[in-house]
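The values are calculated or read from the model by the stated rules, or taken from the named source; none is laboratory data. As the structure is a computational prediction, the values presented were derived from the model and not from experiment. Cβ: placed from backbone, ideal geometry, glycine included. Neighbour counts: every protein chain shown. All accessible areas refer to the heavy atoms of the entire protein, side chains included, with ligands and DNA or RNA removed. Shrake-Rupley method; radii C 1.70, N 1.55, O 1.52, S 1.80 Å.
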Amino acid sequence: MKVDLTNKVALVTGAAQNIGKAIADTLAANGARVVYADINEAGARRAAAASPGSMAVALDVTNDAQVQSVVPQLARELGGLDILVNNAGGNTTTRVTIDDFPRSEWDRLLAVDLTSVYVLSQAAARVMKVKGSGRIINIASVMGLVPARLQCAFVAAKAGVVNLTRAMALELAPHGILTNAVAPGSILTDGTRELFYGKGAQFEKFAQGMLSHIPLGRPGEPQEIAHAVLFLAAPESSYINGHTLTVDGGWTAGFTRDF
């Protein structure tokens, strides 16, 4: 897929690796000047080095003061901000029912998966309103649409991202700013590829069970999420606002088992 993002400035959070890197690389390949933002500054610099005209910045999305400082500073240096991709986030290995779920984990996940989207979008919207245009694209999850067991904080945060996206779409569209989301399903990252499918894979049985719920019978690739983001960032998507684009191989379409 090829679109013209020439002269567009894009900020992608969590861009040092996996989905974030694929998104940043794809926007850069289509002409945008991309800021690779990540709490891992060294990783962000390595990722940005492969995209001419791009740059890297250290950014902890849970640090409100840092966000409110970095975003307007970047806009001043680069002549504005046209695209924000709120990709940074995480999940938990604490898989227990809500009555045992630690409050500290709840607070941590809500901070990185939901509150950071609010804070970054607020900072970006203030800059974009001056120009009268912009795109904000939030990375949600199918878990924000169809909850899974033992992930109450992640599910709640991503559901919040979906409705925050809609609320932002209502409020920011009069200023020429379109807000949409992408909801990935099971995506194969560098970390999970070897665990699920490598030699002596530790979670092969889990992977098989997961794939049995996906009509396409395979996990997605980070690049497939990047293409969805590129579509929403494209000039041609000028009448799409408040939408959550599900990229999950059909997982949320319905049951793949007979009852």
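Could you check the range 228-259 and list, in sequence order, the residues that are open to solvent by 20 Å² or more (accessible area, probe 1.4 Å), more than 28 Å from residue 217 (Cα to Cα) and part of a helix (DSSP H, G or I)?
Scanning the range 228-259 gives 235, 236.
Go through the range 165-174 and give me each residue that's surrounded by fewer than 20 Cβ atoms within 10 Å (Cβ to Cβ) and in contact (Cβ under 8 Å) with a residue 24 or more places away in the chain.
Looking only at the range 165-174, we keep the residues that are surrounded by fewer than 20 Cβ atoms within 10 Å (Cβ to Cβ), and these are 166-167, 169-171, 173-174.
Scanning the range 165-174 gives 166, 169, 170, 173.
What pairs come up if the first residue lies in the range 146-164 and is surrounded by 14 or more Cβ atoms within 10 Å (Cβ to Cβ), the second is among the β-branched types (Val, Ile, Thr) and assigned to a helix (DSSP H, G or I), and their beta carbons are under 7 Å apart, counting only those six or more places apart or on different chains?
From residues that are surrounded by 14 or more Cβ atoms within 10 Å (Cβ to Cβ), the pairs are 146/252; 147/155; 152/98; 161/117; 164/117.
Just to verify a result, which residue in the range 29-70, among those that are in contact with a strand residue (DSSP E or B) (Cβ under 7 Å, 6 or more places away or on another chain), assigned to a helix (DSSP H, G or I) and over 16 Å from residue 18 (Cβ atoms), is least open to solvent (accessible area, probe 1.4 Å)?
70
Are there any pairs, at least 6 apart or on different chains, whose C-beta atoms fall under 9 Å, with the first in the range 54-78 and free of Cβ contacts under 8 Å to residues at least 60 places away in the same chain and the second in a loop (DSSP other than H, G, I, E, B) and among the acidic types (Asp, Glu), and if so, which?
What qualifies is 66/60; 67/60.
Determine if the range 1-15 includes at least one residue that is aliphatic (A, V, I, L, M), open to solvent by less than 50 Å² (accessible area, probe 1.4 Å), in contact with a helix residue (DSSP H, G or I) (Cβ under 9 Å, 6 or more places away or on another chain) and part of a helix (DSSP H, G or I). Full working, then the answer.
At the first step, the residues of the range 1-15 found to be aliphatic (A, V, I, L, M) are 1, 3, 5, 9-12, 15.
Still in the list and also open to solvent by less than 50 Å² (accessible area, probe 1.4 Å): 3, 5, 9-12, 15.
Now narrow it down to the ones that are in contact with a helix residue (DSSP H, G or I) (Cβ under 9 Å, 6 or more places away or on another chain): 3, 5, 9-12, 15.
In the following step, the residues that additionally are part of a helix (DSSP H, G or I) were identified as none.
No, the range 1-15 has no match at all.
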